[in-house]
Each structure stands twice: as structure tokens, then as C-alpha cells.
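A quick write-up on the structure given underneath.
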């Protein structure tokens, strides 16, 4: 094995925000059973059984929904793409949070729309005035509840205010709520109850809630009128979730409580350990599987620091400016890894930051040995 190959083999990838546990056994068994049955074409809006199961799940855990309000897609990003395609035109402006999930910005640009950054909630309330001033330039608004990458959980008052701005300005409101059930502090809130019923939708993903990352199954939840419009778009774009993915989703959602409990028990200790070691450069996120690491002490750009992480420490991290200009002094690291791998990654990050005098970053000698 060459030196380069050895280096790549020892790398730890902290970029992808999934939970490194196997898919639920019930999902695997359900998909295996497909090998003995015919494989019908999937309707553009999704299998009836999937829409029924997901509507019951959403009504129980997030917001009231009926089957005719659910449109199943190949992941939450595909759902967002279908919504943007159905409700805006090329050249339109879409408000996106800064910092915020970069997949939304990429979709907006790929569909020949223009992303316009708006600031995320902060205590002073100035962000709302800024958002309101930008809203008259836009046709749609993407909201994150909770936020990715920061892990912040918006207050209900913030959600209500955003919904009111969207309604007053005539914007279509898309609320990304894929981390709604990975909240560590606070309570999930959604703008949907306060928004115009025919000009709002939520997007959801089974990759987080049901641990089906890579299966590409998510959905949009909206009014029946909007759902019909979006289903036509999904059919035209061929972004419906596959039959195996929807069958897996059906089985996993029936076992949701056990799946979620296992996922939370896997992620939380990793986050707590990393925060204990890396404080004050990070704070405990209120939600999600990632940490938003402040690298301002290094005087490096987020891109420069990400390159340093890979070259010196074998860590792959996302530069913060990938999530918007507000992330220029941060990097995002995801800790859905196995516990031992997560700790090794944290140890490497500590060693990289020590020369910069980054606070009191310490790990015990016994645990430090594990990475050597």
C-alpha cells in the first residue's frame, strides 16, 4: 500500500450528517420480501400505504397531516426541488438561511433561481427586520427548524413571525424539519400552523428519523391542492422514491420509537464528549448530530482550516462558508460515528488546535493513547 493510500485509509470523514448504525431490521426484512412479489410502478405522489403511514406518523409526532397532503420523494432535497419547481419560475429569488444547509442553495441555483441569504434568529430580533426587508425581493423562503449546521432550535414566536412575513409578502414557505426528533434542548416548533395553508410545505427525511440514509426517501407535506401540483412535478422530474425505499420506510416507521431511541442513544454521548473536550470552541447543539466549531482563534479561513485538518490530521470536515458567508469562521463536524471513531476524531482535532492556544483543550493520557 502506498503512503497516500495508507493516509486515505486512516482518514475519518466528519462531513456527512448521518447516523452510522445499520438500517432497522424490519426495513431490511420488508425489502427482502420484495424478491418474491411483482414490482409495480410507483405513483408520482408515492405508494398509498406510504402516504397513509407517514400521515399517521406526522399527526402523532409533528403536525396534523392526511394522506392527500403527503408527496413521497427521493429524499428531502428532492422534495425541496419539486416544491421550488412547482411554485417558482426561473429567475425568481429564494430566501435561504445563512448559515443553512447548502443543499438548498445548490438546488435553487441548479433550477436557475437566485438564492438570497437572510440571517438566522438571534436574541436582538434584528434578524426579523432584515428578513422582512429582503422579503419583497423574493418569491419563496426556505426555513430550517431546527437549523443545520448550528443545531439551534427556533422558538415558536420565531416560527410564527416568519410565517406572518411569508403570508404578508406572498411568499411560498418551505420549512425543512428533518432534525425535528433529534432535539436535545428545547421543543420543536414549526411555522406551518401559522402559514397560509396553500402557500406552505414542510420537508422531511427518513435518513434521520428512520435511519435510512442512502435509501433516498423523504416527502413534502402541504395542502391537498399543493400536493396535487407537486405530485405532477415529481412525476415530470422522476424524483419519486423507489419501491424498495418506500417499502423500507413503511416498515421502519412502524418501529419508529425503538429506532429513534437507539439513534439518540448512539449520538448523544459522542456530542457530549466532544463538547466537554473542545469547549469553549463549541457549545452543546440543541439538536442534530453535528457540532459547529469556532475556528477564529486560528486566524485561518474555514477552507484553509479544512485543508489543514485533512493534511495534518486525516480529518475531512466541511468548511463553514459552505453553509453561507456567516460560517466563515467555523467548520462543521458530524458525530454520528461509532463511539471509538468519534473520540479518535476529537483527539486529532485537539492536537491540531493546541498550537493555536485554543483555550484549555485537554484529554486524558489514557484516552490520548487510543489514537496512536
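The values are calculated or read from the model by the stated rules, or taken from the named source; none is laboratory data. The model shown is predicted, which means the values in this text are computed figures rather than measured ones. We place every Cβ from the backbone using ideal geometry, glycine too, and count neighbours over all the protein chains shown.
A few comments on the model shown:
- Segments classed as strands (runs of 3 or more DSSP E), wholly inside region 106-223, with at least 3 members that are buried (at least 24 other Cβ atoms within 10 Å of the Cβ) and under 17 Å from the mean Cα position of the chain (by Cα): 140-144, 172-176, 200-205, 218-222
- Of all residues in region 321-348, those satisfying the criterion of being closer than 25 Å to residue 264 by Cα and assigned to a helix (DSSP H, G or I) are 323, 339, 340, 341, 342, 343, 344, 345, 346, 347, 348.
- When the criteria are applied in full, residue 65 fails the requirement of being in the same structural domain as residue 213 (by TED's automatic domain parsing) and part of a helix (DSSP H, G or I).
- Given (1) in contact with a helix residue (DSSP H, G or I) (Cβ under 8 Å, 6 or more places away or on another chain); (2) modelled with pLDDT under 95; (3) not in a helix (DSSP H, G or I), index of the condition residue 292 fails: (2)
- For region 79-101, filtering for residues that are part of a strand (DSSP E or B) and either surrounded by 22 or more Cβ atoms within 10 Å (Cβ to Cβ) or outside the structural domain of residue 143 (by TED's automatic domain parsing) (or both) leaves 4.
- From the list 331, 346, the one residue that fits, being at pLDDT 75 or above, under 15 Å from residue 276 (Cα atoms), surrounded by 15 or more Cβ atoms within 10 Å (Cβ to Cβ) and touching a helix residue (DSSP H, G or I) at 6+ places or on another chain (Cβ under 9 Å), is 346.
- Test for residue 269: is it touching a helix residue (DSSP H, G or I) at 6+ places or on another chain (Cβ under 9 Å), at pLDDT 95 or above and in the same structural domain as residue 149 (by TED's automatic domain parsing): no
- Residue that is buried (at least 16 other Cβ atoms within 10 Å of the Cβ), free of Cβ contacts under 8 Å to residues at least 60 places away in the same chain and not in a strand (DSSP E or B), where the choices are 282, 234, 259: 282
- Residue in region 210-219 that is in contact (Cβ under 8 Å) with a residue 12 or more places away in the chain, touching a helix residue (DSSP H, G or I) at 6+ places or on another chain (Cβ under 7 Å) and more than 22 Å from residue 104 (Cβ to Cβ) present: yes
- When residues in region 349-372 are screened for being part of a helix (DSSP H, G or I) and modelled with pLDDT under 60, 7 of them pass.
- Of the criteria (1) within 22 Å of residue 335 (Cβ to Cβ); (2) touching a residue at least 60 places away in the same chain (Cβ under 8 Å); (3) surrounded by 15 or more Cβ atoms within 10 Å (Cβ to Cβ), which one residue 275 fails: (2)
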